[in-house]
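Here is the structure we will look at, set down as structure tokens.
The values are calculated or read from the model by the stated rules, or taken from the named source; none is laboratory data. Since this is a predicted model, take the numbers as computed values, not measurements. Cβ coordinates were reconstructed from backbone atoms using ideal geometry, including for glycine residues, and neighbour counts include every protein chain displayed.
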Amino acid sequence: MVRENWHNKKRHWRLAMSWSFIALIGLSVVDIILGPADVPIDEIIASLVGNSSNPTWQSIVIDFRLPKVLTAISVGIALSICGLQMQTLFRNALAGPFVLGISSGASLGVAILIMGVGFIQIPLNSFTTVTAACLGALLVFMVVLFLSYKVKDTTSLLIVGLMFGAAVGAIVSILQYFGNPDEIQSYLVWTFGSLTGVNWSELSILIPIVVIGFVMVLVLASPLNIVLLGDQYASSSGINLNLIRYMVITITSLLAGTVTAFCGPIAFIGIAVPHISRLIFNTSDHRQLVPLVALTGSSVMIVCDILSQLPGMVQVLPINAVTSIFGAPLIIWLIVRRKNLQAF
């Protein structure tokens with residue numbers, strides 16, 4: 001009987017994976033087709049195989065739309081699996097990849113670059129912006145990692161991360177207060193988030209980092225299942241809780257910091273997608289949940305990108321606004337439904 005149930009669960013997981021992958025492919029095709037420029041479908045196919053007769057359409061598809069889809073998939077995977085492992089580690093429904101202040105550190109780095117170092121005359125471009133964001137995220141990560149050695153309680157570490165975010169937000173507000181309107185405008189545009197600014201050379205950095213992070217989370221799947229049962233049970237099972245916590249913090253910092261550096265702060269995906277996956281697929285087994293969350297996060301990011309493209313208009317809504325509109329109602333519903341902030 002137990003063996004039959006195990007086979008049924010495995011068959012259900014394979015079916016869920018298959019349909020999730022098909023949905024991701026379908027949404028990716030739709031996202032490539034849609035856009036301000038009306039490119040015929042046959043030309044899109046020709047561009048993808050390198051046989052387009054129109055260089056302009058070839059450039060639109062290969063240099064803009066395809067990288068944007070790959071960026072959305074990478075961002076969805078990174079933020080979603082970060083949120084999953086953070087919610088498991090802290091056993092809190094509202095834990096996400098940004099609660100440790102990593103994205104706030106990246107935002108501080110960009111804010112200093114744009115509004116705090118004008119006298120040094122550092123050129124403002126994609127390379128310097130990404131570098132500043134990475135350095136800011138790395139600085140906060142090193143501080144949080146140091147404190148994780150001193151603070152053994154995960155809830156206290158969560159509060160420390162939130163306080164870091166508040167402090168960094170205050171520093172950014174001071175920089176905005178003394179900044180000139182052009183600098184403030186540049187920073188605000190960056191905070192909107194964007195999937196369109198990542199080119200192929202940047203994807204060659206982003207995608208390998210996401211793949212490495214995903215593999216590391218897969219390796220942690222079984223230990224995270226044990227952590228889900230409580231610290232006492234995990235300790236009695238021989239799990240090194242401190243090592244698991246350091247690894248989760250490192251992976252989250254690596255993925256969230258990199259995504260924020262390349263795409264700006266993107267909210268709610270890390271919090272919302274793990275809950276969506278649990279509700280849809282009805283499983284808490286991380287060995288099954290990690291790949292399902294990755295596929296769901298990718299699909300959700302692509303849906304948000306599709307919704308951000310206003311029909312018949314050249315303007316595109318900020319991706320951070322779309323993800324917030326999508327995620328905020330879900331979080332409110334979770335709080336009302338559970339009547340507290342405990343996820344597990």
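Assess whether residue 94 counts as being within 24 Å of residue 298 (Cα to Cα), crowded, with 21+ Cβ neighbours inside 10 Å and of a type in the set (A, V, I, L, M).
Criteria not met by residue 94.
Identify all residues within the range 82-115 that are over 17 Å from residue 263 (Cα atoms) and under 16 Å from the mean Cα position of the chain (by Cα); write none if there are none.
Listed by number, the residues that qualify are 83, 84, 85, 86, 87, 94, 95, 96, 99, 100.
Answer yes if at least one residue in the range 56-78 is polar (S, T, N, Q), over 24 Å from the mean Cα position of the chain (by Cα) and not in a helix (DSSP H, G or I), and no otherwise.
No, every residue in the range 56-78 fails to be polar (S, T, N, Q), over 24 Å from the mean Cα position of the chain (by Cα) and not in a helix (DSSP H, G or I).
Sort out which residues of the range 214-236 are in contact (Cβ under 8 Å) with a residue 24 or more places away in the chain and either under 20 Å from residue 109 (Cβ atoms) or hydroxyl-bearing (Ser, Thr, Tyr) (or both), and write them in order of number.
Matches in the range 214-236: 222 only.
Table: residues versus (1) part of a helix (DSSP H, G or I); (2) over 17 Å from the mean Cα position of the chain (by Cα).
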{"site": "184", "(1), (2)": "yes, yes"}
{"site": "193", "(1), (2)": "no, no"}
{"site": "198", "(1), (2)": "no, no"}
{"site": "214", "(1), (2)": "yes, no"}
{"site": "222", "(1), (2)": "yes, yes"}
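Looking at 197, 165, can you tell me which residue is modelled with pLDDT under 85, surrounded by 12 or more Cβ atoms within 10 Å (Cβ to Cβ) and touching a Ser or Thr at 6+ places or on another chain (Cβ under 6 Å)?
None of the others qualify; the one that does is 165.
Which residues, counting only those in the range 282-323, are modelled with pLDDT under 85, on the phi < 0 side of the Ramachandran plot and either surrounded by 24 or more Cβ atoms within 10 Å (Cβ to Cβ) or among the polar types (S, T, N, Q) (or both)?
Once the filter is applied, which keeps residues that are modelled with pLDDT under 85, on the phi < 0 side of the Ramachandran plot and either surrounded by 24 or more Cβ atoms within 10 Å (Cβ to Cβ) or among the polar types (S, T, N, Q) (or both), the range 282-323 yields 283, 284, 309, 315.
Tally the residues that are buried (at least 17 other Cβ atoms within 10 Å of the Cβ) and in a helix (DSSP H, G or I), restricting the search to the range 13-44.
Qualifying residue count, the range 13-44: 10.
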